[in-house]
Amino acid sequence: MPTEAVEGLVTIDPDIDFLMAQRARFDVSTEALLRRLVHATPRAMAVVAVNRIRDDVSAPLRVDYIQSSRSWNLDLPRGVLLDSREPPGQPTAVGQTAQGPMILAGIPTSVQVVGIPPYPGRSYPRVLALVEPKNAPSTAPPGIVFVTADIAAAKADRPLLIAHVVSDSARSWSRRGVAAALTRRYPGAASAFHSWAIADPTHLRLGTVHSMPVTSSPKITIASMVAQRGYGPSVTPRLCYTALADALNRVAVIATEHSAEVHMPRIGAGQAGGRWDLIEGAVERTLVRARVPVTVYTKPAQTWRSNS
């Protein structure tokens, strides 16, 4: 598995849906990614693999193995049975995720789980649980709120600015991911960006921002930040960190002028190939330092089926 698959993940607060997006991006198995993450992270964390003792949705789950990080040892015996009503019993399909509190080995923990391909002859998936002690300190910068939801459906009681990253080589928003969802929800903003991009080639200079109000009550604005070099598959990240910082500073000014909060996906960490830990730091140095409230969205993982 490439080192890049875990760079940018080891020091952040883990989110199972974001991790599944990274799994798809690097085309690695869920099991390999989570085991590598737990091996590399300095956080108190463990991955627990479980499987139903019978091919029955209500059957207890048996612990197959536990791998703990170097800073924490989850003393959970192999073979112990877990109640199917707990979070590990929730996934009934490969790729399905769930999360919640759980007592493991007598310790209050936060558990995030995902279904992985079943053993041969079984219908229900094996399950991997990413476990952290309940009192584990957060590594997220203060001022950033993380949610698992579709950003295209974002709502607020105050002015709202939705920020996303676009390429310096595309005169229209992408037909994939967040841009596609925003196009469906706000087609006028997508059209306005296209007109702006073709009006003057310098508009797509790295670091520039196109902003477009899309509703008035409450006021919602879409900000397209030009911070990606080109588009399509690339062996190196297409995200330009300096351009992203410039664009975020411009977004901070716009948000401050309108007393708006900023909502964004995990910008630059998808098709642009950036490292989220570095991107998160840029958001903290620009928006958070400007006292702009920030909410970061992770889209819920899609259920997928293995061909194996």
message = For segment 270-286, which positions are in contact (Cβ under 8 Å) with a residue 60 or more places away in the chain, more than 18 Å from D168 (Cβ to Cβ) and either in a helix (DSSP H, G or I) or of a type in the set (A, V, I, L, M, F, W, C) (or both)?
response = W276, D277, L278, E280, G281, V283, E284
task = Go through T221, T242, T236 for me and flag whichever is assigned to a strand (DSSP E or B) and either at pLDDT below 95 or of a type in the set (S, T, Y) (or both).
result = T221
remark   = segment 96-189: strands (runs of 3 or more DSSP E) wholly inside it with 1 or more residues that are charged (D, E, K, R) are 126-133
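To keep it simple, each residue is scored yes or no on (1) in a loop (DSSP other than H, G, I, E, B); (2) of a type outside the set (D, E).
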site	(1), (2)
L9	yes, yes
D17	no, no
V28	yes, yes
A32	no, yes
A49	no, yes
note = Pairs returned, first residue in segment 177-193 that is free of Cβ contacts under 8 Å to residues at least 12 places away in the same chain, second residue that is of a type outside the set (S, T, N, Q), beta-carbon separation under 6 angstrom, 6 or more apart or interchain, are T183/W173; T183/A190
message = Looking only at residues that are surrounded by 15 or more Cβ atoms within 10 Å (Cβ to Cβ) and part of a strand (DSSP E or B) in segment 68-95, which one is nearest to the chain's Cα centre (by Cα)?
response = S68
ask   = Being modelled with pLDDT of 95 or more and not hydrophobic (A, V, I, L, M, F, W, C), is that true of even one residue in segment 44-52?
value = yes
task = Hey, can you tell me all the residues within segment 223-269 that are of a type in the set (G, A, S), closer than 17 Å to E7 by Cβ and touching a residue at least 40 places away in the same chain (Cβ under 8 Å)?
result = G268, A269
task = Can you tell me which residue within segment 1-39, out of those that are surrounded by 17 or more Cβ atoms within 10 Å (Cβ to Cβ) and over 17 Å from the mean Cα position of the chain (by Cα), is nearest to I116 (Cα to Cα)?
result = R35
note = Counting only residues in segment 233-269 that are polar (S, T, N, Q) and more than 20 Å from W173 (Cα to Cα), the one surrounded by the most Cβ atoms within 10 Å (Cβ to Cβ) is identified as N249
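The values are calculated or read from the model by the stated rules, or taken from the named source; none is laboratory data. Model, not experiment: these values are computed from the prediction. So basically every Cβ, Gly included, is an ideal-geometry build from the backbone, and we count neighbours across all protein chains shown.
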